[in-house]
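Data first, discussion second: the structure below is written as structure tokens.
The values are calculated or read from the model by the stated rules, or taken from the named source; none is laboratory data. Since the model is a prediction, treat every value here as computed from it, not as a measurement. With ideal geometry, Cβ positions are generated from the backbone for all residues, glycine too; neighbour counts draw on all protein chains shown. Protein only, heavy atoms only, side chains kept; ligands, DNA and RNA dropped before computing areas. Shrake-Rupley method; radii C 1.70, N 1.55, O 1.52, S 1.80 Å.
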Amino acid sequence: MLTKFLRVYYKYLTRLKPYAPVFLLLFIELILFYANYIPGTYFLGWDNLFPELNFSENLRRSFFAIWQEYRGLGFLDGMSFAANLPHYIFLYLSSFLLPDSLLRYFFIFLSHFLGGAGIYFLLAKLFNLNPYKKILSLLGSLFYLFNFATIQMFFAPYELFSVHFAFLPWLVLFATRYIDSKSNKDLFIFSILSLLSTPQSHVPTVFIVY
């Protein structure tokens with residue numbers, strides 16, 4: 001029985017071995033979270049969005065976002081509040097497991113980790129023929145996560161920039177994979193990622209850059 005368990009354990013461990021750098025990135029992210037999280041506090045940035053304070057109202061405002069009737073006398077907003085729907089839905093689902101004060105911490109740190117993991121896989125594709133591709137990809141990922149521009153952006157975070165940071169590497173990765181392979185699977189994944197990354201379009205200029 002023990003021998004069978006060890007064989008199964010070794011089998012799954014062997015499958016996970018190629019992803020060891022990603023687990024290292026996750027471990028680093030958990031250390032960052034532990035060092036920065038203060039229980040019972042809210043993580044503030046600038047121009048904050050806090051849908052967790054009233055999910056039903058904020059979901060309604062995003063769904064009917066063309067006319068912003070609750071701002072002054074009402075007007076056509078220059079920013080796309082409808083783009084925040086995936087973000088709000090994700091936070092709403094997360095609220096069943098996490099307290100309100102932890103939701104923004106969780107979302108921001110998750111975005112930071114996803115961006116680093118995405119860059120790792122993107123660089124691994126670009127360095128595919130290099131024997132040191134794992135080391136180079138890991139170093140590139142660490143640079144993406146901890147360069148001064150990233151630190152500045154996450155020191156006073158704003159959701160749309162966090163989403164842009166998280167999804168840009170994945171979008172480029174699957175766009176290039178589809179161009180190379182013409183695979184329907186890659187196109188489907190790219191489409192899902194494009195849908196999930198729509199909060200980056202809250203400010204139109206960021207969407208135009210993408």
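The residues of segment 107-210 expose on average 54 square angstrom of accessible surface per residue, using a 1.4 Å probe on protein heavy atoms. Remark: the Ser183-Val206 segment gains 5.5 nm on full extension, using 0.36 nm per residue and subtracting the alpha carbon distance.
Calculated FRET efficiency, Arg15 to Trp67, Cβ-Cβ distance, R0 = 45 Å: about 0.30 to the nearest 0.05. When the Cα positions of Asn128, Ile66, Thr150 are compared along the charge dipole of the chain, Asn128 comes out farthest toward the positive end, with charges on each C-beta of Lys, Arg, Asp and Glu. Quick one: with all protein chains in place, what share of the accessible area of segment 52-142 is carbon or sulfur, to the nearest percent (1.4 Å probe)? Roughly 72 percent, rounded to a whole number. One chain, two ends: Ala156 and Phe96. Fully extended at 0.36 nm per residue, the span grows by 19.0 nm beyond their Cα-Cα distance. Separation of the alpha carbons by more than 19 angstrom is noted, of Lys125/Lys185; Lys133/Lys185; Lys17/Lys185; Lys133/Lys182; Lys17/Lys133, for Lys133/Lys185; Lys17/Lys185; Lys133/Lys182.
Taking Cα atoms only, the orientation of helix 85-94 departs from the longest principal axis of the chain by about 70 degrees.
Ordering of 84-96, 153-165, 39-51, 108-120 by packing is 108-120, 153-165, 84-96, 39-51, highest average first (other Cβ atoms within 10 Å, averaged per residue). Under the shape rule built on the C-alpha gyration tensor, where the axes satisfy a ≥ b ≥ c, the chain is prolate, since a/c reaches at least 1.5 and a/b is greater than b/c. Across Leu76, Leu102, the residue with the most accessible area heads the list, and the full order at a 1.4 Å probe is Leu76, Leu102. The phi-based Karplus calculation (6.51 cos²θ - 1.76 cosθ + 1.60; θ = phi - 60°) puts the 3J(HN,Hα) values of segment 128-134 at 4, 8, 8, x, 9, 4, 5 Hz, whole numbers, x for Gly and Pro.
Using R0 = 25 Å, the C-beta based FRET efficiency linking Asn128 and Ala149 works out to 0.40.
Placing dummy labels 7 Å off each Cα toward the beta-carbon, the span from Asp77 to Phe55 is 2.0 nm.
For the chain, the longest principal axis of the Cα atoms and the long axis of helix 184-196 meet at an angle of about 40 degrees.
Principal-axis analysis of the Cα atoms of the chain puts helix 100-126 at an angle of about 50° to the longest axis.
Here each label is just a point 7 Å from Cα along the line to Cβ, and for Leu139 and Leu195 those points are 4.0 nm apart.
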